[in-house]
Amino acid sequence: MEYFILIISLLFVLAGVLGSVLPALPGPPLSWIGLLILYTTPNMDFDYWILGVTFIITLIITILDYVIPAQGTKRFGGSKYGIWGTNIGLIVGILTPIPLGFIIGPFAGALIGEFIFDQNDSKRAFKAATGSFIGFIVSSFMKFVYCMVLLGIYIHTVWKYWSVWF
């Protein structure tokens, strides 16, 4: 039974790492669920501190994942139309079968939103859309680093309890 739990929890953690790059999967929550499953393994001490702290960080990063691209649009001179376009474009980009739609969607959404706001200022519209893209890249990098930290916690914990299970 321990082997099954270890494999399932590892799959969740790895799916989280993959999901940190692919927005179709919620990366940090999947990795955290993998840690939670790991700590349900028999003969293992349940560490409330690690799970509690990582849960709070996971919530913060999940919220920031939606805020950062919109803030990137705002910081690069985008209007509320561009911010809404970024958010709508992210959702549409995730749901479309277009490869890399999750990257193209926020950029196109911000661009369309800015053109709706002011059709005559294409330079500002492209600048705001670029801010959306940079925000998406920053958000993805943040999620990837955090999921790698969760993978490190997983590996450390398995290493620590290795003699108990094997």
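The values are calculated or read from the model by the stated rules, or taken from the named source; none is laboratory data. From a predicted model like this one, the values you see are computed outputs, not experimental measurements. All Cβ positions, glycine included, derive from the backbone under ideal geometry; neighbour counts span all protein chains shown.
Sort through 146, 154 and tell me the only one that's of a type in the set (Phe, Trp, Tyr), in contact with a Leu (Cβ under 8 Å, 6 or more places away or on another chain) and modelled with pLDDT of 85 or more.
Values: 146 fails: in contact with a Leu (Cβ under 8 Å, 6 or more places away or on another chain).
The unique qualifying residue is 154.
Condition test on residue 98, is it farther than 21 Å from residue 150 by Cβ, among the hydrophobic types (A, V, I, L, M, F, W, C) and surrounded by fewer than 13 Cβ atoms within 10 Å (Cβ to Cβ)?
Answer is yes for this residue.
This table checks each residue for (1) surrounded by 15 or more Cβ atoms within 10 Å (Cβ to Cβ); (2) under 30 Å from residue 109 (Cβ atoms); (3) hydroxyl-bearing (Ser, Thr, Tyr).
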{"site": "27", "(1), (2), (3)": "yes, yes, no"}
{"site": "37", "(1), (2), (3)": "yes, no, no"}
{"site": "42", "(1), (2), (3)": "no, no, no"}
{"site": "45", "(1), (2), (3)": "no, no, no"}
{"site": "58", "(1), (2), (3)": "yes, yes, yes"}
{"site": "66", "(1), (2), (3)": "no, yes, yes"}
{"site": "84", "(1), (2), (3)": "yes, yes, no"}
{"site": "87", "(1), (2), (3)": "yes, yes, no"}
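Can you name the residue in segment 44-75 that is aromatic (Phe, Trp, Tyr) and at pLDDT 90 or above and, of all such residues, is nearest to residue 163 (Cα to Cα)?
49
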Cβ-Cβ under 7 Å pairs, at least 6 apart or on other chains, segment 143-163 side touching a residue at least 12 places away in the same chain (Cβ under 8 Å) and over 13 Å from residue 34 (Cβ atoms), far side polar (S, T, N, Q) and not in a helix (DSSP H, G or I): 143/20; 144/20
Within segment 145-166, tally of residues that are surrounded by 18 or more Cβ atoms within 10 Å (Cβ to Cβ) and not β-branched (Val, Ile, Thr): 5
Selection count, segment 118-143, where residues are buried (at least 18 other Cβ atoms within 10 Å of the Cβ) and hydrophobic (A, V, I, L, M, F, W, C): 5
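Looking at 21, 53, 92, 17, which is the one that is in a loop (DSSP other than H, G, I, E, B) and not hydroxyl-bearing (Ser, Thr, Tyr)?
Values: 53 fails: in a loop (DSSP other than H, G, I, E, B); 92 fails: in a loop (DSSP other than H, G, I, E, B); 17 fails: in a loop (DSSP other than H, G, I, E, B).
None of the others qualify; the one that does is 21.
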Flag for residue 98 being of a type in the set (A, V, I, L, M) and either over 22 Å from residue 20 (Cα atoms) or in a helix (DSSP H, G or I) (or both): no
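Please determine whether any residue of segment 57-74 is among the acidic types (Asp, Glu) and touching a residue at least 24 places away in the same chain (Cβ under 8 Å).
Taking segment 57-74 as the starting set, the residues that turn out to be among the acidic types (Asp, Glu) are 65.
Pick out the ones that are also touching a residue at least 24 places away in the same chain (Cβ under 8 Å) and you get 65.
Yes: segment 57-74 contains one or more residues that are among the acidic types (Asp, Glu) and touching a residue at least 24 places away in the same chain (Cβ under 8 Å).
Name the residue that is nearest to residue 58 (Cα to Cα), counting only residues in segment 1-14 that are aliphatic (A, V, I, L, M) and assigned to a helix (DSSP H, G or I). Lay out the reasoning, then the answer.
To start, the set of residues in segment 1-14 that are aliphatic (A, V, I, L, M) comprises 1, 5-8, 10-11, 13-14.
Then keep just the ones that are assigned to a helix (DSSP H, G or I); that gives 5-8, 10-11, 13-14.
Numbers: 5: 22, 6: 21, 7: 22, 8: 20, 10: 17, 11: 18, 13: 13, 14: 15 Å.
Among those residues, the one meeting the criterion is 13.
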